[in-house]
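Novice: Mind looking over this structure? Questions follow.
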Amino acid sequence: MRTVSEAAQQIETALKTVDKLRVYPLGDDIDPPGLLIGAPQLTWDGYGSAPTTATFPVFLIVAMDERALELLWQLVTPVTAALDTVQDAVVQSADPGTFPAGSQNLPCYSFSVEVSL
């Protein structure tokens, strides 16, 4: 059994293996392309004080330019492959969107990563 913090650290460690992408802490200025791990949705199965599942949003963020979509599509596979190395974790989806960064919204995919705790 692991804590939410331990699961987040394991996801971060896996994401740091993706070439050409930096993992940014929440609240940092992002210099795209980059990755950011958001606060997870927590789920309890049955009775207990500790959550049993955490679903983390992981944002893949790129610059807003003519290559944005192509770059997102190229980076989806290596990011997913890195996330697949985390024990008892599964990528549920990758939803397109924008990520607010300062005064602009940057193109992104938001991965939903479920982790057993």
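Novice: What is the dipole size for the chain, taken about its Cα centre, with +1 at each Lys and Arg Cβ and -1 at each Asp and Glu Cβ, in debye to the nearest 20?
Specialist: 120 debye
Novice: What part of the accessible area of segment 1-112, given as a whole %, is carbon or sulfur when the probe is 1.4 angstrom?
Specialist: 52 percent
Novice: Please name whichever of Y24, Q10, Q104 sits farthest to the positive end of the charge dipole of the chain, dipole taken about the Cα centre and charges placed at Cβ: Lys and Arg +1, Asp and Glu -1.
Specialist: Q10
Novice: To test your reading of the geometry: what angle, between 0 and 90 degrees and rounded to tens, separates the Cα axis of helix 4-15 from the longest principal axis of the chain?
Specialist: For 4-15 against the chain, the angle is about 40 degrees.
Novice: Divide by every residue of the chain the summed helix terms, -39500 (n - 2.57) for each DSSP H run of at least 4, and state the resulting mean residue ellipticity at 222 nm, rounded to the nearest 500 deg cm²/dmol.
Specialist: Values: 2 runs with 28 residues, N = 117.
Taking each H run of at least 4 residues, the total per residue is -7500 deg cm²/dmol.
Novice: Right, another one. For segment 55-96, take the alpha-carbon Rg, divide it by the Kirkwood Rh, and send me Rg/Rh.
Specialist: 1.01
Novice: Solvent-accessible area of R67, probe 1.4 Å, all protein chains present, reported in Å² to the nearest ten, please.
Specialist: 110 Å²
Novice: State in Å² the accessible area per residue of the chain; use a 1.4 Å probe, count heavy atoms of protein chains only, and round to the nearest integer.
Specialist: Accessible surface, normalised per residue, equals 58 Å².
Novice: Return the single residue from A54, A63, A39 with maximal mean-square fluctuation; model: Gaussian network over the chain, springs between Cα atoms under 10 Å.
Specialist: For the chain, modelled as a Gaussian network with Cα springs under 10 Å, the answer is A39.
Novice: Equivalent ellipsoid semi-axes for the chain, as square roots of 5 times the alpha carbon gyration tensor eigenvalues: give them largest first, rounded to whole Å.
Specialist: 26, 14, 12
The values are calculated or read from the model by the stated rules, or taken from the named source; none is laboratory data. What you see is a predicted model; the values in this text were computed from it and never measured. No Cβ is skipped: glycine too gets one built from the backbone with ideal geometry, and neighbour counts run over all protein chains shown. In case anyone asks, the SASA skips ligands and DNA or RNA and just uses the protein heavy atoms, side chains included. Shrake-Rupley method; radii C 1.70, N 1.55, O 1.52, S 1.80 Å.
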